[in-house]
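Structure, as structure tokens:
The values are calculated or read from the model by the stated rules, or taken from the named source; none is laboratory data. Bear in mind that the values here come from a model prediction, so they are computed numbers and not experimental data. Every residue, glycine as well, gets a Cβ built from its backbone with ideal geometry; the counts of neighbours run over all protein chains shown.
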Amino acid sequence: MENISFRTTVLPLSDRLFRLALRITMNRAEAEDVVQDTLLRVWEQRGQWEQIDNLEAFAIATCRNRALDLAKRAGRNTKSLDEIENIQLSTFNSQLSLEAREQVSLVRRLMDDLPEMQRTIMLLRDIEGKTYQEIAETLDISETQVKVYLYRARTKIKERIKHENGL
Amino acid sequence: MDYKYIEQLLERYWECQTTLEEEAILRNFFRQEDVPASLLPYRQLFIEEDEIAAEHLGKDFAEKMLQLVGEDASVHVCKARRLTFMRRLRPFYRAAGLVAIMLTIGDAAQQSFNDDDTFASQQVAEQIAIDSLQNITIGQPEQQSAALVTTSTDTLDAMTR
């Protein structure tokens, strides 16, 4: 690999890894620690990068494993993100009405209540824009399994939204 | 307005049959304020996903990481500088000047190789010199010209020895 530098090759993955770690640890400080460990580990292994097909997928998988380990060790119930206090709200959301924000919170809770695998796949697809193939490679499962998990996740959310809105 | 297309896309989205491009169309649609009542409940999902996508680490995180790996944060910063048109062309001038110098040197070297004034053998050199002298002496008295040729030949012999 040519012209590798931490700044241009590894550091740009930070926010993506952070969103993933945050959805698993449900804690902003811990998610940041997970990202830090992941980036350092990826950087320390730069001598073997040529043997890695997809560096980003490798980083995501490493980050997920670390976040899961941390959540397990802490014995934390990763059900909700309610404890997160300082999530930065975008300008877009800050312009929404109170009612809309409440509904946003409902959807957020629905998403956070999903089992970890469904939640992670939904994040990688809907937030990070990954293809089914990329997700399958990252999580080391088949594309069919990816679609099955995603289908279950979306269906649950759709049904809950319908139920909440009396549809 | 006909929202049939969006409704169809949304149905395919739930079934995981949409492409990333189609999902981007849905996302853009639900970002707008003017969404029909039948689709409004689903708008929140896409708004929420936009929210999650906007979550990011603080700026100090990058600086901390660069310090940890020993990469100075200021090393790679490039200062922007406004360039005039003439200044932008400066590299071309330099390149053109260099090419001109190289061509001149090459031409001079070639010329020196072509102007080879040595002869293959002493006899050839003598013969050329005698022919040249005879051409010069045309029109001079016969005795004088014969003496000149003889003297010149002797001189050539002495030089070539």
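Of everything in region A:1-12 that is more than 8 Å from chain B (Cβ to nearest Cβ) and assigned to a loop (DSSP other than H, G, I, E, B), the residue that is nearest to the chain's Cα centre (by Cα) is A:Ile4.
When region A:136-167 is limited to residues that are loosely packed, with under 15 Cβ neighbours inside 10 Å and facing chain B (nearest Cβ under 9 Å), the one that is nearest to the chain's Cα centre (by Cα) turns out to be A:Thr155. Is it the case that A:Ile141 is assigned to a helix (DSSP H, G or I) and within 21 Å of A:Ala67 (Cα to Cα)? Here the answer is no, as A:Ile141 does not meet what is asked.
Does A:Gly129 satisfy being in a loop (DSSP other than H, G, I, E, B) and within 22 Å of B:Glu22 (Cα to Cα)? Taking the combined requirement at face value, the residue satisfies it.
Table: residues versus (1) over 19 Å from B:His56 (Cβ atoms); (2) among the polar types (S, T, N, Q); (3) modelled with pLDDT under 85; (4) in the same structural domain as A:Met26 (by TED's automatic domain parsing).
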residue	(1), (2), (3), (4)
A:Ser97	yes, yes, yes, no
A:Leu106	yes, no, yes, no
A:Asp140	yes, no, no, no
A:Ile161	yes, no, no, no
